[in-house]
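The values are calculated or read from the model by the stated rules, or taken from the named source; none is laboratory data. Quantities reported herein were computed from a predicted structural model and do not represent experimental measurements. All Cβ positions, glycine included, derive from the backbone under ideal geometry; neighbour counts span all protein chains shown. Note: areas computed on protein heavy atoms with side chains; ligands, DNA, RNA excluded. Shrake-Rupley method; radii C 1.70, N 1.55, O 1.52, S 1.80 Å.
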Amino acid sequence: MTTNENIIELKHLTKKFEDGFLAVSDFNLEVKKGEFVTFLGPSGCGKTTTLRMIAGFDLPTEGQILLNGRDITKLPPYQRPINTVFQRYALFPHMNIYENIAFGLRQKKTKEDVIKKKVKKVLDLVDLEGFEGRSVQTLSGGQQQRIAIARALVNEPEILLLDEPLGALDLKMRKEMQLELKQMHDELGITFIYVTHDQEEALTMSDRIVVMSEGRIQQLGTPEDIYNEPKNAFVADFIGESNIFNGIMTGKLRARFCGGEFECVDDIDEGTHITAVVRPEDVEITPPEEGTIRGIVSSVIFKGMHYEITIESGKNEMVVRSVHSARPGDTVGMRVEPDNIHVMIAENHTNYFTAEINSDFRLEYNDKLLDTSLTKIIKGSRRTEDGTLLDGSGDAIDPRKTRILVSIQPQDIIMTDHVEEGLVEGNIRNLIYKGDHYSYVIHTDLEQDFIVDDEYLWNMDDHVGLIMPVEKMTFQLKK
Ligand code: ADP
Ligand code: MG
């Protein structure tokens, strides 16, 4: 059903709120007529704000929106051939189903016999034929959401915007509705722009996915592109489950990460800083002496179809998915086929590391406190009187199951020979002169490589402490 014509184009779309917060930044996207495009990203990344600008509920502070080539940036919502379905169905409880669906048409002074036909047609479409006379209260959550969709479709929009429409439904209902929505899209031939924070939902439903973080597009592509060739560590981490390591190319088709040297298929120059991504299902557990690296099994969880096995290798952690179990405490080897190692040139050489939440709900790395507030890091979270932390939906956050991915730029880390002042210490393993500074690889005592820019010349193998100012870090909640 997709054509080659762009139905909608977003050009440098930007939204800065009155309080100065930049919610969406330089967002560029072209959507083809009939396409199913999904905005995917964690809570707070700007999905709803982008959708609201497309619908006309919010005005961008910069940029343009074109509909069929025409600038509609400032057109009021009711003049756009666009309808939105929200997570909260917002049906009128005092009206029956017929009146709920007819509401928009009534306002446009549509004739009653036409309304009747249209309502019947959309009720058929959402599989609720004959529900006209029912009251809203008699419907299940799934049925109510179908009515909300019918109410949007009755206006015959060219574009249907769906903002986490299945978010309030239970898992089984959500799966069913995913299939139905997809079918509806294929039958109707209208363009869907769908918002979700659920990667599986995005992967199963979409023609193309826009992965977002902090108001910016991280990657734009088909579900296969995004799963198989994530463009950066954020996308790799967000889509599916991944082990992500900082590393360096040590020779032709050889990369060092996670405390070992692996053969890979990406031909990248020796000495280049890399991010290596390994999917849990691609790690093979071997006898210790046959592995590329070794580690100690720290936990085994049965997941129905497979075991999820966590292995500590030095201070690196590898998550493995296997049909065979393992015993906590056992030493094992690990091997990965070269073409299952996805090597990316480290983007801006951002350093990533994983911090833990301790039992006092403070953030910790290398047994040292990171002086920051978790309620700021975890969107919508708050602290109760007894000190525990609740997430945005009011559920208690389990410190043992929650990790925070921290990133920091090489120029923001300070090297010191007073090693105890550093957050972590390590040895200089590699240095490259970059014109106005040196770029160092520090292999830490936690067996992780950090990239640090410094204007001064240090020596290979110098033992240094790495000072990392908390205000230079960015944080990302990991499931
Ligand atoms: P998402 O839908 O991806 O969860 P939103 O688009 O709703 O994210 O919000 C993006 C960010 O913009 C959030 O950090 C949110 O707190 C902020 N934000 C949303 N609306 C406003 C507003 N009216 N004023 C200031 N900040 C806002
Ligand atoms: Mg939202």
Discussion item. What do you get for chymotrypsin sites (Phe, Trp or Tyr not before Pro) in the range 378-479 restricted to DSSP loop and a cutoff of at most 16 other Cβ within 10 Å of the site's Cβ?
Written reply: Tyr456, Trp458
Worksheet entry | q = 0.12, 0.17, 0.21, 0.23 Å⁻¹: log10 I(q)/I(0) that the Debye formula gives for the range 422-479, counting C-alpha atoms only | -0.32, -0.60, -0.83, -0.94
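Using the structure shown, select from Lys15/Lys111; Lys15/Lys175; Lys74/Lys172; Lys32/Lys231; Lys11/Lys111; Lys33/Lys120 the pairs with a Cα to Cα distance greater than 30 angstrom.
Pairs exceeding 30 Å: Lys15/Lys111; Lys15/Lys175; Lys74/Lys172; Lys11/Lys111.
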Worksheet entry | the range 294-381, accessible area per residue, ligands and nucleic acids excluded (1.4 Å, Å²) | 54
Worksheet item: Could you give the nm distance between label points at Lys120 and Leu446, where each point is 7 Å from its Cα heading toward the beta carbon?
Response: 6.7
Response to the item:
Reduced to Cα centres, the span from the range 344-417 to the range 86-144 in Å works out to 46
Worksheet item: Percent of accessible area on the range 368-433 owned by carbon and sulfur, 1.4 Å probe?
Response: 46
Discussion item. Compute the helix-to-body angle for 141-153: its Cα long axis versus the longest principal axis of the chain, expressed 0 to 90° and rounded to tens.
Written reply: 70
Item to complete: Using all C-alpha to C-alpha distances in the range 6-228, build P(r) with 10 Å bins and read off the rounded percent in each one.
Response: 8, 33, 36, 19, 4, 0
Response to the item:
Put Met173, Met334 in order of accessible area, largest first, probe 1.4 Å, and you get Met173, Met334
Practice prompt. With a ≥ b ≥ c taken as the square roots of the eigenvalues of the C-alpha gyration tensor of the chain, please select rounded if a/c is under 1.5 and otherwise prolate if a/b is larger than b/c or oblate if it is not?
Written response: prolate
Worksheet item: Relative contact order for the chain using alpha-carbon pairs under 8 Å, separation at least 6, rounded to a whole percent?
Response: 11
Fill in: Helix-only [θ]222 nm of the chain, DSSP H runs n ≥ 4, -39500 (n - 2.57) each, per residue, nearest 500
-5500 deg cm²/dmol
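First select every other residue whose beta carbon is under 15 angstrom from the beta carbon of Ile149; then total the charges, Lys and Arg +1, Asp and Glu -1.
The answer is -3.
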Worksheet, complete the sentence: Yeah, the range 42-122 with a ≥ b ≥ c from its alpha-carbon gyration tensor (a/c under 1.5 is rounded, else prolate when a/b outruns b/c, oblate otherwise) is oblate
Fill in: Qualifying GluC sites (Glu not before Pro) for the range 403-479 [loop in DSSP, other Cβ within 10 Å: at most 14]
Glu455
